[in-house]
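Enquirer: Pasting a structure here, questions to come.
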Amino acid sequence: MTFFPNTTLEIWNYSKGEMDQYGPKIVYTHTGDLMVDMQPMNHNDNQTSSGRLEGDQYKIYTNLDAPISSTSILRIKGETPTYSVIGSPERNNHLLPHLKVQIQLQQTPTQLTEA
């Protein structure tokens, strides 16, 4: 159950591709689309231990069974910019079970192509 689903995200998860002289190629496979509640992080959420504020960070709320991991790459459906997961997704199962994930806009979008 999502709170107020306002965004559809594509979930891309890491998998090992074919081998070349440098080892396995990095390949991201499209795991699925997911409706989420996406919100910008506020100053209390966003402050680092050094007191510096980081920009372009968001928090998303979605179902507990969403296939998002700490290595997932997320992209808003139909757009080019990609987001990386900060830390590990937080599972909350009290009152209203949900998954809370903090994400950050990547300065250079990850190349995502179907294998």
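Enquirer: Would you please name the residue that is farthest from the chain's Cα centre (by Cα), looking only at residues in segment 61-79 that are among the polar types (S, T, N, Q) and at pLDDT 90 or above?
Expert: 62
Enquirer: Among what's in segment 67-99 and is part of a strand (DSSP E or B), among the hydroxyl-bearing types (Ser, Thr, Tyr) and touching a strand residue (DSSP E or B) at 6+ places or on another chain (Cβ under 7 Å), pick the residue that is surrounded by the most Cβ atoms within 10 Å (Cβ to Cβ).
Expert: The qualifying residue surrounded by the most Cβ atoms within 10 Å (Cβ to Cβ) is 83.
Enquirer: Take residue 91 and tell me if it is closer than 15 Å to residue 14 by Cα and modelled with pLDDT of 90 or more.
Expert: no
Enquirer: Can you tell me how many residues in segment 100-114 are part of a loop (DSSP other than H, G, I, E, B) and either polar (S, T, N, Q) or modelled with pLDDT of 90 or more (or both)?
Expert: Of the residues in segment 100-114, 7 are part of a loop (DSSP other than H, G, I, E, B) and either polar (S, T, N, Q) or modelled with pLDDT of 90 or more (or both).
Enquirer: Cβ contacts < 7 Å: first residue closer than 16 Å to residue 67 by Cβ, restricted to segment 20-31; second residue surrounded by 11 or more Cβ atoms within 10 Å (Cβ to Cβ) and charged (D, E, K, R), any location; separation 6+ or different chain. Result?
Expert: 30/10
The values are calculated or read from the model by the stated rules, or taken from the named source; none is laboratory data. Predicted model only: the values in this text are computed from it and were never measured. Here Cβ is always computed from backbone atoms with ideal geometry, including for glycine, and neighbour counts include all displayed protein chains.
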